[in-house]
Amino acid sequence: MENMMHVSGLQTVVVTIEELTIKISPIILNTVVTIMAAIKPKTTEEDSKGAAEVPEDLWQVKPIDQCNAWFLGVDIATEATETFKDHEHAVKQEKFDIVVKSVQMTLECGLGHRTVPLLLVESVFSGVLKNWSSMMEISADMSLEIHYYNEMYAVWEPLIERIEGGKKQWSLELEMKTNPVQERSLMPGDDFIVFPEPQTAVSISSKDTMNITISKCCLAVFSNLAKAFSEGTASTYDYSFKDTAPFIVKNALGVPLKVFPGSSFRIVNSAEKESVHCVGSGQNMELEYSVFEAPQHRKLSALYRQESSIFSLNLELEGYERVLNIPIGKPGRRLYNIKSLLDGHSDSIIVQIDDTEGNKVVTVRSPLQIKNHFSIPFIIYKLTRDSRLLQPIGASKPEEEFHVPLHSYRCHLYVRPTGILEGHFRESTTNTAWREELHRSNEVKCLLQCPATETNFLPLIVSTTAVPDQLNYISAYGEEWDPAYIIHLHPTLTVRNLLPYSLRYLLEGTAEARELLEGSAADVFHSRINGEIMELVLMKYQGKNWNGHLKIHEGMPEFFSVCFTSHSATVMTVDLYIHIRRIGSRVILSVFSPYWIINKTSRILQYRAEDIHVKHPAEYRDIVLFSFKKKNIFSKNKIQLSISTSTWSNSFSLDTVGSYGCVRCSAKSMEYLVGVSIKMSSFNLTRIVTFTPFYTIANKSSLELEVGEIGPNGSFPTNKWNYISSSECLPFWPENSSGELCVRVVGFQSVSKPFLFQVPDNGTLLRLEELTGGLLVEVNVSEHSTLISFSDYHEGAAPALIVNHTSWDSLRYKQSGLQEEMELKPKQVCLFAWTDPTKTRKLAWSYSQSFGEHDLLKDECGQFPYNANTQIHWVSFLDGRQRVLLFTDDVALVSKALQAEELEQPDQEIILSIHSLGLSLVNNENRKEISYIGITSSGVVWEEKRKQKWRPFNQKQINLLEQAYQKYICKSAFQAPGWHKLDSTTEVNFSKVPMEMRLPVKCNIRRNFLSGIQVEFKQSPHQRSLRAQLYWLQVDNQLPGSMFPVVFHPVAPPKSIALDSEPKPFIDISVITRFNEYSKVMQFKYFMVLIQEMALKIDQGFLAALIELFTPSTDPEAERQRSKLIQQDVDALSTELMETSLTDLSMLSFFELFHISPIKLHLSLSLASGGEASEKSEEMIAIHSLNLLLKSIGATLTDVDDLIFKLAYFEIKYQFYKRDQLMKRAVRHYSEQFLKQMYVLVLGLDVLGNPFGLIRGLSEGVEAFFYEPFQGAVQGPEEFAEGFVIGVRSLLGHTVGGAAGVVSRITGSVGKGLAAITMDKEYQQKRREEMGRQPRDFSGSLAKGGKGFLRGVVGGVTGIITKPVEGAKKEGAAGFFKGIGKGLVGVVARPTGGIVDMASSTFQGIQRVAESTEEVPNLRPPRFIHEDAEGYDLFEKLHIRKLEEENYRYHCELPRGRRANLIVTNRRVIYVKEVEILGHLTAEWDYLFEDFTCCPTCEGSVLKLTVLDQRMFQRKDSVGHRCEKAIQLQDEATAASVCVAIEEAWATRKQQKLVKQASLRLKKPQMLS
């Protein structure tokens, strides 16, 4: 570090840091957390009384001095002169340089203190800091590179890649400058607002593309880290018990083993370095790294340690001659040969290295392993050679690996069940055949029988499968070795009970029946799957037992039904279904019911379908198992419903999983509405249908209540009151159409005012006069239910607190339109509640001669004269949750109440811009790049600067300017600088700096682009604003031969529109919030999200590849799970109707405008997998469950092309919400619409309710509506603020009366040659008054109807004309959406007084003009994930027939003029050269490894291959001549490496071939005597 002072007064400091290393592991983190917790001061207990006590009387009028509110006190102003500083003296100049040449941070994970680095961050940092004592400025550069550790290959792989072909790291630039604090003064008569510069401005930008690679291994590393760190930071973490050694050596050979640890290890807990250690049979030994110095070539010791290949162990077996040297750095299985000292025969052993949480377990074992998949252990026997007796060699426990001892792996092995079956069965009659059959096929299956000890019982059947082990390395070249195998023991048949009732099953020929509890599975030990009959009993369903039976044989279909009958007085039947899944040689048989029906209505329900009729009693809390009688389970089925004494409803489908709706049943005097929700079970076979009452009443208050329904003529109920005790929830069935309720408290006479219960309501306070208190009622409306809930008064529940802070006159106020008037004398305060909650909610007030009206929702202010000298101001604002309406003659109070509205100088501003970002998804197991996701920047954008802010021109002008600019550049050398006339209205000057335009307006212009990601954040004392934009998001499908090369991309608007609008980002978000120090409630002034039109094109192969990437590759636990298969489904059903109450007010926010734009999505689906199908015969679990779902619905998924989904926007105004609750609501709003439209358009099912837009906005004032996304406008903080400042000025007396004008959301006439529908600016969809008046089968009529006639809105709504949509090209809904060429115009006239119900007139949008949009190209070509992409590519492009299962291994170029290569595959060696004229590759010669007569050799740089000559005319019996090929290579090293590559490939090929010979070499087994 150096510090210098220059003569000029410039002070400079320079600091250089060579290397900085930071290591973070769970234990280190845990220690830090513990220390921090100890240092932090104990927080004093908040007063934990919870809710404030309700005052004696809510409604009494109080004098103002009893009300100690913050907004009534005024701050004392400071003298202006005190803050004035003398800025005259010279600014001191300072400069500080810092350079950090290398920062390395590792995240480590592992057991205890011995951790292994899994993530490595490397960075270089340099920066300059100037003038820190006055106006500070910083500029800095930082580069970044991140690697993760791939344990499979023991190498580091990049997470954030280098750029420019790996030359340099990805870099960021950071700049920060400070501006002087500005005085806030707005001079009268300013024509536009000057936005103050922020005090500190930070800008972070990157000009490079940030490429991130995510592979399967990388996901595993992250999940390991997350698990370790979440455990580590927990306070209960005890690492001593997790502290294990980095290496554990296990001896599973059955003979003692000597280990020589080598120089880099030492044995744990041994004092001095022992050179040798004996490990007995079945024992373990722990090793750790011996301390060593990292070599000095600037490499992290962690990296060095993990990548170095010096980690090896020497092993010696007792009785064998050879010492083996085994590298244990990488996981895997390696096979070695050892010779016996006694008779010289050789045995093979396997060293298996597994890694768990960064630690390695090295198991030394024989080449044979047994895996037991039963739920009981087996004892394994071997047949001894001499005595011909069976001798036990060990027990194989369930789901564990059993290693057969070294001396037994060539013997015949027999099994016997033990555990709970100990003594019931004898040893198996035959041995596990595998070696004799190996030459026939790779997998060997056979059935073993263990006879029962008692003569007349069936034997136990074991299905065995022998599978070759996956070896990574074989040491035996010339010698004979034994094939390595794993033998799996499986039960032949597993039965899963997926019913919520117990089952009993009995297999023909067995003695006792077994009981299967609900949701459990069991192995059937005795089945051979050749026609036995199994009897099933469904226990205690509807109080009876039901019997059914089925025949178990090989040809069972995937789904079939079994009829169960009950032997009661009348014979009753119920159909259950069976699903068969075959995995290898075992069969999994699941018993399920297609539908579970749950009745929560507390009334009797009946269901009927074609010839089936089920009664569901009210008090019956159990689940009804329902299925359709049709022979074919895969057909579209519908059901009808009746409740109590009602008629049958219209028929509806039970298959639209995930959607909700409501069914109407009419009775004599009333309509019953029943809510229906359909969910998928967790095991994907059953649909769970719940019927709930449409209306429920919940009492969350502390009082006992009675609720009554108001009569149609407005009469109060006399006798029919529903009693609801505290914290109870009851169904409610309205009996007339008034739609109004009233409530009274038990024990009191007076009744509350009536309120509406069919309209969403976020909280209305009802006055309870006798109790001098209030009761809050909320109505929550959703598609399938309406919840009416009562709760106690809390602060902020009243519509307004009215304060008369004047000393002149009294204030009179009332609810608009009503007679009853109240008076508030000077200096008094009073709470106000609506006099009649069912009427219009506006407050009318009068003060001496002035009148006014306010809706008590918005923050507003105004003023009126009282006399010549006095102006009285009124202001409406939020104090916490309470809306306050304040009348005062003191301007200071007003400005305090509205403090956050003023335009403040931001304290800080942060701008982040990233040029572009790429994310590559790679599956490193099958070495394929699946997808490349890119966020990219725009092309050239010309911008103008008006009002201090750069704004882009529209596309037409941009094109014009760019063409002119390109011309100007070409000619600038010999052309005078000056003004250019581009067309009649545009003149610019490119040669000026900055460039200028003088026509049509005079302003600066610049040539720029929009970044891929741009975020601006500003914060001032009372406001925060955030503007985030994402320009273009594209997802490419990188799999070979895909159907759709681009999976997802934004759709550009039609050209005619695009030219007239400026370039718009794909996603644009603007959030403006304000807060003040007196209140915990955050106010969102403006929250707008705009998403442009987009297209999604998926094929099945892509989906499968994605799912495969994100499912961990380990054995899925679900296969082994024996019990609780349906636990989560049953748990979900038992949850009550009560919702969580609003007690936690902590996160409550007030949203003035929350708007998420409509979503317009073009969907294309293709069922073709594209590319070569995945090698796995076992279909992916997720795809499997989707197929199951579709099969069981009976819907066939077909290819769809460019279906358009239109999802209505989501908007909330002036509402209190918890943020997470709001996000859930918004997500549900879109997902439910999407699902419904999906069912109607793609699967052709009928859904309840209207798929195009939601019936009666989802709830509380959400308008369901649609406009084209490119019409939307998002305001940034500046535009938004401009609207307010006008209002603030009027307050300060500069101008009189201006109200805050806020720009309307949707600009009207868009048209330009499109079939456009002009919408009113303030058009808001009014909520429906009565649901009862609209037929519900709109969607049905649309889907069925040939010409899709739009149903008019029925009942009491006048003046709406609906025209039929003409000529939908194809039938039904799909055609309706596809009529692109013809603009769809339905004229919707808006009657003045009528209430418009937009829910069932489908949303006409602006249809795309039938013009082709440009194809979106891929962002970059797919990667070849290969150690050697070039050679792989070469082999793929060869014009030569590939052999079966032939894979590329290695290649090298030959030193010849033409391009010639030698390619080694796993089957042969090929000599390839390029044909001069055609330029394509041909093979000059190729030799299979079978033709090699001896190992390849190399002399110098010449490689020699000795092979049998493949002559054309050769007699069958003649021995082929040997011929030697000599190939000249570039140098000795190349020759040697090719030689090794061929040897390795040949050895692996020999391994496969030898398997056959090994099995033929064995003698025929002798039978047991």
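The values are calculated or read from the model by the stated rules, or taken from the named source; none is laboratory data. Just so it is clear, the model here is predicted, and its values are computed rather than measured. Positions of Cβ are generated from backbone atoms using ideal geometry, with glycine treated the same way; all protein chains shown enter the neighbour counts. These area figures cover heavy atoms from the full protein model, side chains too; ligands, DNA and RNA do not enter into them. Shrake-Rupley method; radii C 1.70, N 1.55, O 1.52, S 1.80 Å.
Taking all protein chains as present, what is the carbon and sulfur share of the accessible area of the stretch 1006-1076, in % to the nearest whole number, probe 1.4 Å? Walk me through the numbers before you get to the answer.
Values: 1700 of 2670 Å².
The C+S portion of the solvent-accessible surface of the stretch 1006-1076 is 64 percent.
Residues GLU151, GLU1544 ordered from highest to lowest accessible area at a 1.4 Å probe: GLU1544, GLU151. Taken per residue, the accessible surface of the stretch 869-960 reaches 34 Å², heavy atoms only and a 1.4 Å probe.
If PHE265, PHE683 are ordered by their accessible area, calculated over protein heavy atoms with a 1.4 Å probe, which sequence runs from highest to lowest?
Details: PHE265 0, PHE683 25 Å².
Result of the area sort, largest leading: PHE683, PHE265.
Please label the shape of the stretch 990-1090 as rounded, prolate or oblate, based on the square roots a ≥ b ≥ c of the eigenvalues of the alpha-carbon gyration tensor (a/c under 1.5 means rounded; beyond that, a/b larger than b/c means prolate, else oblate). Judged from the Cα gyration tensor, the stretch 990-1090 comes out oblate (a/c at least 1.5, b/c at or above a/b). The simple spin-label model puts a point 7 Å past each Cα toward its Cβ; for THR12 and ALA1526 those points are separated by 6.7 nm. Here each label is just a point 7 Å from Cα along the line to Cβ, and for GLU508 and LYS638 those points are 4.3 nm apart.
Rg/Rh for the stretch 863-915: what does it come to with C-alpha atoms and Rh from Kirkwood? Result for the stretch 863-915 is an Rg/Rh of 1.25.
Over the stretch 1017-1068, with the other protein chains present, what is the accessible area per residue in square angstrom, probe 1.4 angstrom?
Numbers: 1970 Å² over 52 residues.
Per-residue value: 38 Å².
As a rough guide to protection, the peptides 428-435, 889-896 ranked by mean Cβ packing within 10 Å, highest first, stand as 428-435, 889-896.
Based on the Cβ-Cβ distance of LYS168 and THR21, what FRET efficiency does E = 1/(1 + (r/R0)^6) give at R0 = 25 Å, to the nearest 0.05? Present the calculation step by step, with values, prior to reporting the outcome.
On the way: r = 22 Å, r/R0 = 0.87.
So, using R0 = 25 Å, E works out to roughly 0.70.
3J(HN,Hα) couplings calculated from phi for the stretch 845-853 with the Karplus curve 6.51 cos²θ - 1.76 cosθ + 1.60 (θ = phi - 60°) are, in sequence order, 10, 9, 9, 6, 8, 9, 10, x, 9 Hz; Gly and Pro show x.
Placing a label point 7 Å from the Cα of TYR723 along the Cα-to-Cβ direction, the residues of the stretch 673-700 with a backbone N closer than 18 Å are 697-700.
Using the Cβ-Cβ distance between GLU2 and GLU1077 with R0 set to 45 Å, the FRET efficiency works out to roughly 0.50.
So, by mean Cβ neighbours within 10 angstrom, what's the order for 797-808, 321-332, 553-564 with the highest one leading?
797-808, 321-332, 553-564
Remark on LYS753: its backbone amide H falls under 5 Å from those of ARG767, a criterion applied only to residues 5 or more positions apart or on other chains, H modelled at 1.01 Å from N. Carbon-plus-sulfur accessible fraction, the stretch 334-473 (probe radius 1.4 Å, protein heavy atoms only): 51%.
Go through 1033-1040, 218-225 and give me the packing order, highest mean Cβ count within 10 Å leading.
Values: 1033-1040: 21.9, 218-225: 18.0.
Ranked by mean Cβ neighbours within 10 Å, highest first: 1033-1040, 218-225.
Per residue, how large is the accessible surface of the stretch 614-763? Use a 1.4 angstrom probe and give square angstrom. Let's see the in-between values first.
On the way: 6070 Å² over 150 residues.
With all protein chains present, the stretch 614-763 gives 40 Å² per residue.
Projecting label points 7 angstrom from Cα along Cα→Cβ for LYS615 and TRP132 puts them 8.7 nm apart.
So how much slack lies between HIS345 and ASN869, counting 0.36 nm per residue of separation and subtracting their Cα-Cα distance, in nm?
This chain segment gains 176.7 nm when fully extended.
Measuring only protein heavy atoms, the 1.4 Å probe finds HIS407 accessible over about 110 Å². Placing a label point 7 Å from the Cα of GLN963 along the Cα-to-Cβ direction, the residues of the stretch 970-1014 whose backbone N falls under 18 Å of that point are 970-971, 980-990, 1000. The amide H of LYS629, built 1.01 Å from its N in the peptide plane, has ASP611 as neighbours under 5 Å, considering only residues 5 or more places off or on other chains.
Subtracting the Cα-Cα distance of ASP65 and SER602 from their residue separation scaled by 0.36 nm leaves 187.9 nm. Take the cross-link list LYS1160/LYS1236; LYS62/LYS825; LYS216/LYS1442; LYS945/LYS992; LYS360/LYS397 and give me the ones stretching past 18 Å between alpha-carbons. With Cα atoms farther than 18 Å apart: LYS216/LYS1442; LYS360/LYS397.
Once the Cα-Cα distance is subtracted from the 0.36 nm per residue extended length, the GLU1484 to SER669 segment shows a gain of 284.2 nm. Specify the inter-centroid distance of the stretch 327-400 and the stretch 1047-1097, based on alpha-carbon positions, in whole Å. Value for the Cα centre distance between the two parts: 62 Å. Taking the protein heavy atoms of the stretch 640-746 in the context of the full set of protein chains, the accessible area attributed to carbon and sulfur is 48 percent at 1.4 Å.
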